[in-house]
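Participant: Quick one: the structure is below, and I'll ask about it shortly.
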Amino acid sequence: MEGSSPRYPEAVVVKDGVIRFVGAKSEAMKLAGSKARLFNLGGKTLMPGFIDAHMHPVQAASMLAPQFITPFDWKFPWGDAKAVRGSAEFMTKLKASEAGTADGVPLVVWGYLKPFHGDLNRAMLDKVSGTRPIIVWSYSAHEMYFNTAALKVYGFTAEEVAGNTQADYQNGFYREAAMIEIAVPKIMSVLFDAKKIPTGLRRVRDLAHQGGVTTMGDMGTGSSGSLKNDLGVITSILDNDASPFRMALVPDAKTLDAQIKDKAKLVSTVKALPETGTVHKTFPKQVKLYADGAFFAEAMRLEPPGYSDGHQGEWMMPPERLEALIGQWWKAGYDIHIHCNGSEALTFILDSLDKAMTVHPGKGQRLVIEHFGVSTPAQSKRIARMGNVFISANPYYHYSMSDAYSNGSLGAKAGAEIVRLGSLAENGVKFALHSDFTMAPMEPLFLAWIAVNRVNAVGNQLAPQERVSVYNALQAVTINAAYMLRLEKLTGSIAVGKKADFVLLDQNPMKVDPMKIKDIEVLGTMFEGKPYPLHQDASPSPEKYDPASIHLDIH
């Protein structure tokens, strides 16, 4: 996966979890010796293990607990969730979910998406139940809707959000910062139920394995509101040999900045994290920040002409604070990942980096734009000229929303060009693909399929000029994804000295019809030399979740 074209060595020699030789079979047999364990691929395809460079294990675990009512099909080992579209259909499913929920238990539903489900508000939820708390967590994960019972039980008041444009108490609606900073703390015990999170994390582990993922990036560790608790549950449930992958944990610097007022102490806290690293848990010298609002909520900040209905989108953090934190962490020598969905936010980030570099030019640092929803061709060219900005994109944005947005608030051209990967490739900008699970399935081959074909959920191919080659798409879920996490010397390609992280496929993605890439079966993985057949029982002995076992001085 390195270089301008694929290579097909005959054999690989692995010892102590590290690749010792790549080349001819005859030479490999001599080097390995007669006692070596031989794996014959039998015509199957061995690739570097897939890398999902942006997801949130703890948040994903919490989002697997609610009932799914989404406009897209989801397939899970524990039961599929069929797509639901239409306002009446959504409300019917919601009522059925309420009727099937035990007495005394709040109903939490994930997956509402306005372009597919129509309007939603407190009064509509009150008709489903006037007594049971109902929480509808939107597909974007950046918005929530509450019925009256939920507002009362969890202590919401109109006074606390007076004048807040991101909250509408009357309609039970909270978005972006209002949701994250006001609503979520009130319902933390519901969303992050200590009894359910371990099960959710085990499900995340199983889905990663099924997708062929051997490295994942936790892009915002501590975004639940507690770095200590996030690390505690990740360590307890996933930091063991039942997990056939490593996790690159990138701390949420926005949340930490709000919690630790002493800047020197903040930096020292982040610097201390690698001391808790293990085989399955690593801490690259990176932090995570946030710019504009959610793509699925149409809250991204856009340059003119903007949205057809005239709304402006949202900022997840005040721009002046974002600019200051970019400067602070750049000066401290850290790579910076920034959640960014819209073209206005992208320009602001690039301008802020230019300012930061006038004070401190950096020491080979990288700034990674996360998601890359709406952009312009000129921005792709600017990123290429800068040379230290890279893209970790979510192609599922195009698959799921390009049709709805083309016919809606973005207009035909901008809606079709969502996630313009072809422009990046044309300008030589390194890019990766990620799921941001549950924003997309944790299936790297499916993400690559979208990038190669640009066919959306209703079967339309939009902006075919923004397609990329199969090889570029596969690099985006292997070596380029490793690069975003600064792990390219450790994994991402089959090369001597790197960890033996592989995925075994039943067909070669480079040689099948590009429209069939998503149908290739993952047969199993190898993580640091240990094989993990896909259907083996990898469950460890029962874990004990003890956040107190992680010792971090955080106030």
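Just so you know, all these numbers are worked out from the coordinates, no wet-lab data involved. Predicted model, so just to flag it, every value in this text is computed and none were measured. FYI the Cβ positions are ideal-geometry reconstructions off the backbone, even for glycines, and counts take in every protein chain you see.
Participant: Kindly provide the helix-only [θ] at 222 nm of the chain, computed as the sum of -39,500 (n - 2.57) over DSSP H runs of four or more divided by all residues, to the nearest 500 deg cm²/dmol?
Facilitator: Values: 20 runs with 176 residues, N = 555.
Rounded to the nearest 500, the figure is -9000 deg cm²/dmol.
Participant: Past the 20 Å Cα-Cα mark, which pairs from LYS381/LYS489; LYS413/LYS516; LYS35/LYS489; LYS195/LYS228; LYS261/LYS288?
Facilitator: Working: LYS381/LYS489 28 Å; LYS413/LYS516 27 Å; LYS35/LYS489 29 Å; LYS195/LYS228 18 Å; LYS261/LYS288 17 Å.
Flagged as over cut-off: LYS381/LYS489; LYS413/LYS516; LYS35/LYS489.
Participant: Ok, one more. Could you list the residues of region 309-327 with an amide nitrogen less than 19 Å from a label point located 7 Å from the Cα of ASN388 in the Cα-to-C-beta direction?
Facilitator: From region 309-327, the list is 322-327.
Participant: Over region 66-191, what is the percentage of antiparallel beta bridges among all DSSP beta bridges, to the nearest 5?
Facilitator: On the way: 9 of 16 bridges.
Just about 55 percent of them are antiparallel.
Participant: Something else about it: How long are the semi-axes of the ellipsoid equivalent to region 66-191, from square roots of 5 times the Cα gyration tensor eigenvalues, in whole Å, largest first? Let's see the in-between values first.
Facilitator: Details: eigenvalues 107, 50, 39 Å².
Semi-axis lengths for region 66-191 are 23, 16, 14 Å.
Participant: Could you tell me which residue out of PRO441, PHE173, LEU107 lies farthest along the dipole of the chain toward its positive end? Charges go on the beta carbon: Lys and Arg +1, Asp and Glu -1, centred on the Cα centre.
Facilitator: Of the options given, the answer is PRO441.
Participant: I'd like the Karplus ³J(HN,Hα) series for region 227-233: coefficients 6.51, -1.76, 1.60, θ = phi - 60°, whole numbers in Hz, and an x wherever there's a Gly or Pro.
Facilitator: Per-residue couplings from phi come out as 4, 4, 5, 4, 5, x, 6 Hz.
Participant: Give me GLU89, GLU466 ranked fewest to most by other Cβ atoms within 10 Å of their Cβ, as a rough exposure proxy. Write out the running numbers ahead of the final one.
Facilitator: Working: GLU89 16, GLU466 20.
The fewest-first ordering by Cβ neighbours comes to GLU89, GLU466.
Participant: Let me ask you something else. Note down the magnitude of the dipole of region 66-191 about its Cα centre, charges +1 on Lys and Arg C-beta and -1 on Asp and Glu C-beta and zero elsewhere, to the nearest 20 debye.
Facilitator: On the way: 12 positive and 13 negative charges, 66 e Å.
It works out to roughly 320 debye.
Participant: Working from Cα positions, state the angle (0 to 90°, nearest 10) between the long axis of helix 263-272 and the longest principal axis of the chain.
Facilitator: For 263-272 against the chain, the angle is about 40 degrees.
Participant: Just going by the charge dipole of the chain, with Lys and Arg at +1 and Asp and Glu at -1 on Cβ, which of MET91, VAL153, ILE197 is farthest out on the positive end?
Facilitator: The residue sitting most towards the positive pole is ILE197.
Participant: Quick one: which residues, 5 or more positions from VAL84 or on another chain, have an amide H under 5 Å from its amide H? H modelled 1.01 Å from N in the peptide plane, none for Pro or chain starts.
Facilitator: Under 5 Å from the amide H of VAL84 lie the amide H atoms of THR70, PHE72, each far enough along the sequence or on another chain.
Participant: Which order, highest average first, do 178-184, 357-363 follow once you tally other Cβ atoms within 10 Å for each residue and take the mean per peptide? Let's see the in-between values first.
Facilitator: Numbers: 178-184: 20.3, 357-363: 11.6.
Taking the mean over residues of other Cβ atoms within 10 Å, the ranking is 178-184, 357-363.
Participant: Could you give the length gained by full extension between ILE182 and ALA378, i.e. 0.36 nm per residue of separation minus their alpha carbon distance, to one decimal place? Don't jump to the answer; show the numbers that get you there.
Facilitator: Working: separation 196, 0.36 × 196 = 70.56 nm, distance 3.76 nm.
Extra length from ILE182 to ALA378 when fully extended: 66.8 nm.
Participant: ARG246's amide H: which non-local residues (gap 5+, or another chain) put their own amide H closer than 5 Å, with H modeled 1.01 Å from N in plane and none for Pro or chain starts?
Facilitator: The list, which skips near neighbours in sequence, is THR215, MET216.
Participant: Can you put ILE349, ILE418 in order, fewest other beta carbons within 10 Å first?
Facilitator: Details: ILE349 24, ILE418 29.
Fewest to most other Cβ atoms nearby, the residues stand as ILE349, ILE418.
Participant: Can you tell me which aspartates and glutamates have their Cα less than 16 Å from the Cα of LYS499? Leave out same-chain residues fewer than eight positions away.
Facilitator: Within the straight-line cut-off, LYS499 pairs with GLU2, ASP16, ASP241, GLU488, GLU528.
Participant: Starting from the Cα-Cα distance between GLN461 and LYS95, subtract it from 0.36 nm times their residue separation and give me the gain in nm to one decimal. Working shown, then result.
Facilitator: Values: separation 366, 0.36 × 366 = 131.76 nm, distance 3.57 nm.
Taking GLN461 through LYS95 to full extension adds about 128.2 nm, to one decimal.
Participant: Apply the Debye scattering formula to the chain, with a single equal point scatterer on each alpha-carbon and no solvent, then give log10 I(q)/I(0) at q = 0.09 Å⁻¹.
Facilitator: Here the Debye-derived log intensity ratios amount to -0.65.
Participant: Report ³J(HN,Hα) in whole Hz for each residue of region 140-157, in order, from the Karplus equation J = 6.51 cos²θ - 1.76 cosθ + 1.60 where θ = phi - 60°; Gly and Pro get x.
Facilitator: In residue order, the calculated couplings are 5, 6, 10, 9, 9, 10, 10, 8, 4, 4, 5, 4, 6, 4, 9, x, 6, 9 Hz.
Participant: Show the residues, 5+ positions off or on another chain, whose built amide H is closer than 5 Å to the amide H of VAL18.
Facilitator: When sequence neighbours closer than 5 places are left aside, the close amide H contacts are ALA500.
Participant: Further question: If the only charges are +1 at each Lys and Arg Cβ and -1 at each Asp and Glu Cβ, what is the size of the charge dipole of the chain around the Cα centre, to the nearest 20 debye?
Facilitator: Details: 58 positive and 57 negative charges, 295 e Å.
It comes to approximately 1420 debye.
Participant: With both partners inside the chain, how many of the DSSP beta bridges are antiparallel, as a percent to the nearest 5? Before the final figure, lay out each step's value.
Facilitator: Numbers: 30 of 68 bridges.
Here the share of antiparallel DSSP bridges comes out near 45 percent.
Participant: Return LYS265, LYS196 ranked ascending by Cβ neighbour count within 10 Å, so the fewest neighbours appear first. Write out the running numbers ahead of the final one.
Facilitator: Working: LYS265 13, LYS196 16.
In order of increasing Cβ crowding within 10 Å: LYS265, LYS196.
Participant: Along the positive direction of the dipole of the chain (beta-carbon charges: Lys, Arg +1; Asp, Glu -1; about the Cα centre), which of GLN461, ALA81, PHE39 reaches farthest?
Facilitator: Of GLN461, ALA81, PHE39, it is PHE39.
Participant: Rounded to whole Hz and in sequence order, give me ³J(HN,Hα) for region 300-308 from the Karplus expression 6.51 cos²θ - 1.76 cosθ + 1.60, θ = phi - 60°, writing x for Gly and Pro.
Facilitator: Ordered by residue, 3J(HN,Hα) equals 6, 8, 10, 6, x, x, x, 7, 5 Hz.
Participant: Can you compute log10 of I(q)/I(0) for region 217-277 with the Debye formula, treating each Cα as one identical point scatterer, at q = 0.25, 0.26, 0.27, 0.29 Å⁻¹?
Facilitator: -1.12, -1.19, -1.25, -1.37
Participant: Please report the spacing between the Cα centers of region 422-485 and region 93-136 in Å, no decimals.
Facilitator: Spelled out, the Cα-based centre of one part sits 34 Å from the other.
Participant: Further question: Place a point 7 Å from Cα of SER268 in the direction of its Cβ. Which residues in region 274-306 have their backbone N less than 19 Å from it?
Facilitator: Hits in region 274-306 for SER268 at 19 Å: 274-276.
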